[in-house]
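Q: Got a structure here, written out as structure tokens. Questions coming.
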Amino acid sequence: MFELMYQQMQIAFAERINKFIYTVRRIPVIGKCIPEELYARVSLKRVLAVLAAIRSVLGDMINKLLYFLAAICLGAAVVYIFLDDGKNAFTGQSIMLFWIFFFMNFLLGSFVNSTICACDEKDYLLVGLLRIDAKKYFLLKIFKSQITQIIYYTVFMSVAQHIIFDESLMTVFLYMLGFAAFRFIGEAVRLFLNDRFGMPFTDKKLPSIFYNIYTVVMFFVAYGTFYLLIFLKYVLDIDGIVYPDIRIVATNPVFLILSVVLAVLSIRYIVNYQNYPLVAKRLAGFNTVMEQKAAVDALVKVNQNVEADDLSKKETGQKIFEEKEGYEYLNAIFFERHKKIFSRPRKLKTVISFIIMAASIVGLIVFKAGSTAKEFNSFANDMWNAMDRVMTIFVFLMYCITSGRSITRALFYNCDHSLMKYGYYRRPDAILKNFRIRLRFMLKSELPMVVVLCVGFVIDTIIIGKADQWVKLLSIIACIVLLSIFYSVVYLCMYYIFQPYTEGGKETGVGYSVCKGVIYVASYSCLQIDTLPQYFAAIIMVITVVGLVAGYALAYLMAPKRFVLK
């Protein structure tokens, strides 16, 4: 088993090191100093393999930590903002942390994120081409993945619950024992369902429906339960509403014994399972892997499943094309032909924003009608003070929902990749002309959502009686508008400066990856900022203006050489 693990590591690290050398050799100036003979230096590759192994472990750990912080801790923190019932803050957040983790990881992740069903090209290479024993390979893959996840999440939960929230360490270990059991139960269930309905069973219509319903229900129970209880307790003023403590179930001896017994039976089923060669053929075979890769490429290229409107049947003299020529005409045709690609995310973001704003407006009206003036004024003051944090939260939120990345990807695969072959298309004047046209379109795509959010905040402000605080209100509105401009400018500049997309449907480029990482870290770090809204809006305005000017200049200087087909 360990020999097989060593072979897998050798193959995986050799592939990564060769890719790393290839990437470094493509860096301007530095790449010319890297000889091609580096591929054949075994001693250097061994050193790089050690570094790659450390990076792999740290990367996996960081990914799990980011998920734990974003999906579990942040979710609990956001819910807890709305609580005000005299309970100790640490105790309340601890309960929510247990609750969200139980439904997101015990019941959802264990049964939805199957290790054995997540096959890719590496699995095909090892099992299909190198003929590694399928049973040994998949058993190693299952146990390695599940054991590392159990260790990581046990450490994270211990730190969060015991050190930060002063929870009993024994309670945390008993709780995580149940989690460990559910990870193997989930793998066994997925194997059984694949045997019963076909591999993968999620391709079948009826099982797929239940699969999606189960996923939605678990998400709602994990994150929606507390909001429902808050509505019942604070808006409808129903007495006796308590917040559920899942520890009562998860650390119950009967529950734990039953979970461990089922886990032992599941491990026995996994070890004695005889159809691993069939699993390899169905889930890691050439045709399946290529179909999955084609599906991923379809998502990346965006337009595979979206039919462009046939403009040959339309009159070319209609208003959208009148008085347009050159690149204005080219982009107008492109955006019209592929409007479905852009309209769907725009409509989705607008509808979600409208639902959130409408729910807040209705909730405020209902609460105002069912409470005394003193209670509502106290709530309004607390809500208005909490608005100081809204803008810093919006920085990260706008980063998460911006359409800049998807629009630039669609531009490349549906338009630019065909025209980059011609020198005139990469001239500075052509690049700046297209830059301005596309920036206008990207801003228009964000406009409906921005308008809904701004109008919603204005109405909320009027309802809580803070319309006279116009400076703070204008700061919030300005922040929303400026952030939509900033992220559109950033992704468009990165696209022209680095051009990260390849014809094969992948993202490449060290500079692009570094910039994405910096933007993520900066956006996430804004959650920790505590300052007055007007000051924060001023900072965002300066950054947006400077970013627009700098990006425009860099695109003019660098794009003619960097905006090429890869």
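The values are calculated or read from the model by the stated rules, or taken from the named source; none is laboratory data. Everything numeric here is computed off the predicted structure, so don't read it as measured data. Protein only, heavy atoms only, side chains kept; ligands, DNA and RNA dropped before computing areas. Shrake-Rupley method; radii C 1.70, N 1.55, O 1.52, S 1.80 Å.
Q: Give me Rg over Rh for region 371-486, both radii from the alpha carbons and Rh done the Kirkwood way, two decimal places. Spell out each step's value before the answer.
A: Numbers: Rg = 20.3 Å, Rh = 17.0 Å.
Using Cα coordinates only, the ratio equals 1.19.
Q: Another one. List the pair-distance distribution P(r) of region 425-495, using every Cα-Cα distance, as the percent of pairs falling in each 10 Å bin from 0 up to the bin containing the longest distance, rounded to whole percents.
A: Bin by bin from 0 Å, the calculated values are 18, 37, 23, 14, 6, 1.
Q: Right, something else. Write down the accessible area per residue of region 405-486 in Å², having rolled a 1.4 Å probe over the full set of protein chains.
A: Heavy-atom SASA per residue in region 405-486 reads 41 Å².
Q: Then there is this: Starting from the residue with the highest accessible area, list Ile238, Ile72 in decreasing order, probe 1.4 Å.
A: Ile238, Ile72
Q: Would you check the accessible area of Glu36, probe 1.4 Å, heavy atoms only, in square angstrom rounded to 10?
A: Answer for Glu36: close to 120 Å² accessible.
Q: Continuing with the same structure: By accessible area of protein heavy atoms, probe 1.4 Å, what ranking do Met61, Met157 get, highest first? Don't skip to the end; give the middle numbers.
A: Working: Met61 70, Met157 0 Å².
Largest accessible area first, the list is Met61, Met157.
Q: Here is a further query. In terms of the ratio Rg/(2.2 N^0.38 Å) built on C-alpha atoms, what value belongs to region 347-388?
A: Computed over Cα atoms of region 347-388, the ratio equals 1.40.
Q: Cα-Cα over 31 Å: which of Lys32/Lys339; Lys144/Lys349; Lys339/Lys516; Lys122/Lys561; Lys347/Lys516?
A: Over 31 Å Cα-Cα: Lys32/Lys339; Lys144/Lys349; Lys122/Lys561.
Q: Once Rh for region 442-546 is found with the Kirkwood sum over Cα pairs, what is the Stokes-Einstein diffusion coefficient at 4 °C and 1.567 mPa s, in µm²/s?
A: Estimated via Stokes-Einstein, D reaches 82 µm²/s.
Q: Run the accessible area of region 328-480 with a 1.4 Å probe and give the carbon-and-sulfur part as a rounded percent. Please list the in-between numbers first.
A: Values: 4830 of 7260 Å².
Roughly 67 percent, rounded to a whole number.
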